[in-house]
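To keep things clear, I will list the structure first and then write my remarks on it.
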Amino acid sequence: LGTCSSERMASVFGHVKAAPVDAIFGINQAYVADPSPLKVNLGVGAYRTEEGKPLVLPTVHKVERQLLEAGLNKEYQPIEGVPSFTRSAPKLILGPDSEAIREERVFCVQALGGTGAIRLGLEFLKRFFPNQTATVLIPEPTWANHKQIAEHAGLAWSSYRYYDPSTRGLDFAGLIEDLTNAPDRSIVLLHSVAHNPTGVDPTEEEWGRIVDVVERKGHFAFADCAYQGFASGDLLADSFSARLLVQRGLEFFVAQSFSKNFGLYGERVGCLTMVLRSKEAAEVAGTQMRVIVRGMYSNPPSTGARIVGEILSSPVLYSEWEADMQAMSSRMLSVRRQLYDLLLANKTPGDWSHVIKQIGMFTYLGLSPEQVRVLTEKYHIYMTSTARISVAGLNSSNVAYLANAIHDVVTNAVPKL
């Protein structure tokens with residue numbers, strides 16, 4: 001009886017081991033628990049104001065209020081998403097005059113953020129990509145979640161070279177060599193703009209050569225676009241790589257996130273835009289994508305997508321939002337320049353030009369894990385062990401503090417653990 005009783009008390013999941021804490025969220029937890037008044041959080045990729053506060057964009061706030069006053073109901077949305085959103089989102093990334101949109105060979109499905117869009121796309125490829133042994137080629141380094149999403153979709157992945165630590169820039173030769181040597185008809189994950197975590201992007205000429213290899217090898221391009229508008233403040237310039245793929249006549253997917261450029265982090269607004277060779281192919285793909293969505297979460301949430309759809313559909317609201325986004329982009333460019341100037345003023349050893357050459361929300365400082373540890377333990381400055389920082393976490397109140405701390409760990413010997 002005792003044995004049976006103890007067996008009944010034991011969980012059937014008693015064998016499950018605890019998973020490690022997500023690195024980024026772990027950094028944030030450590031920051032929150034730190035009582036120091038000097039603490040600085042440069043880990044989480046979310047925009048902060050000059051005062052270090054979260055921002056609801058004025059245009060987003062305005063439209064949210066309008067939607068509330070309109071008394072819209074809470075009925076289910078179509079499986080593929082809020083219509084105003086799924087009509088407008090592809091125009092943002094492909095251009096309003098896109099040949100693919102004009103020929104109706106694009107299908108857009110709303111997703112749970114950019115993460116959900118990647119998951120939907122990989123799920124579709126797992127089921128229907130002709131090369132059923134295809135590997136997902138992922139840049140090294142990349143957003144940590146890319147590999148996990150591929151695994152959860154049941155797809156194998158491998159890395160291709162991207163970042164060169166010696167130059168703190170793009171390893172273009174290594175990238176081209178790895179994509180060329182990969183098996184034909186692989187799935188190539190590309191960061192459309194503002195590469196996370198390095199902030200290093202190919203030039204337009206280099207993009208052309210990358211697409212050359214993709215086309216020659218029969219690879220399938222899957223672009224992840226989480227920062228359109230954040231790299232340069234220019235939505236058109238930041239969509240160059242996606243528009244190039246259309247111009248070359250390639251089929252591809254692009255996952256779009258509206259967390260950063262609309263500040264809708266908690267609303268989980270994203271979409272997967274599928275660009276195919278014909279209207280018929282897009283329509284058929286759409287029927288299968290609806291089946292995938294129905295089996296995963298049935299329908300997407302409406303509020304965030306309604307906000308984005310309203311803004312993108314109105315020329316007046318679009319202009320107001322574009323100004324909001326450019327203000328965010330300009331502030332990040334400004335603090336990059338401030339950090340660079342301070343490091344030069346301090347005569348901190350080394351070449352720090354990468355701080356202003358890299359773009360978008362993130363930059364790789366080029367510090368060692370030991371130096372990062374000292375920054376955290378001594379100065380209460382939180383970042384990943386790879387020295388990736390979110391530029392959005394900097395402001396005029398803490399940028400000099402960071403520059404002085406970097407100078408200290410670079411000029412003084414850092415004891416290893």
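List of remarks:
- Shape descriptor for the chain: Rg over Rh equals 0.99 (Cα atoms; Rh from the Kirkwood inverse mean 1/r).
- Take the Cα of S385, step 7 Å toward its Cβ, do the same at D212, and the gap between the two points is 3.9 nm.
- Whole-percent carbon and sulfur share, accessible surface of the chain, 1.4 Å: 55
- Cross-link pairs beyond the 24 Å C-alpha cut-off, checked among K347/K378; K217/K260; K260/K357: K217/K260
- Contour minus Cα-Cα distance for F13 and Q148 (0.36 nm per residue): 46.4 nm
- Inter-probe distance in nm under a simple model that places probes 7 Å from Cα toward Cβ, at S330 and E69: 2.8
- Shape of segment 258-399, Cα gyration tensor, a/c cut at 1.5: prolate
- Segment 287-336 and segment 60-92: distance between their alpha carbon centers, rounded to Å: 10
- The alpha carbon centroids of segment 116-186 and segment 228-278 are separated by 18 Å.
- The DSSP beta bridges internal to the chain are antiparallel in roughly 50% of cases.
- Cα gyration tensor category, rounded, prolate or oblate, for segment 1-125 with a/c compared to 1.5: oblate
- Trypsin sites (Lys or Arg not before Pro) restricted to segment 68-127 and DSSP loop, no more than 16 other C-beta within 10 Å: K74
- Overall dimensions of segment 332-417 as given by Cα atoms, namely Rg and Dmax in Å: 11.8, 36
- Given charges at Cβ of Lys, Arg, Asp, Glu: segment 306-413 dipole, positive-most of A392, P369, Y340: P369
- Where Cα atoms sit under 22 Å apart: lysine pairs in segment 23-150 separated by 8 or more or lying on different chains: 4
- Each of D22 and V291 was given a label point 7 Å from its Cα along the Cα-to-Cβ line. The distance between the two points is 3.1 nm.
- In whole angstrom, segment 211-291 maps to an equivalent ellipsoid with semi-axes of 24, 19, 10, each derived as √(5λ) from the alpha carbon gyration tensor and ordered largest first.
The values are calculated or read from the model by the stated rules, or taken from the named source; none is laboratory data. Fair warning: this is a prediction, and the values are worked out from it, not measured in the lab. No Cβ is skipped: glycine too gets one built from the backbone with ideal geometry, and neighbour counts run over all protein chains shown. These area figures cover heavy atoms from the full protein model, side chains too; ligands, DNA and RNA do not enter into them. Shrake-Rupley method; radii C 1.70, N 1.55, O 1.52, S 1.80 Å.
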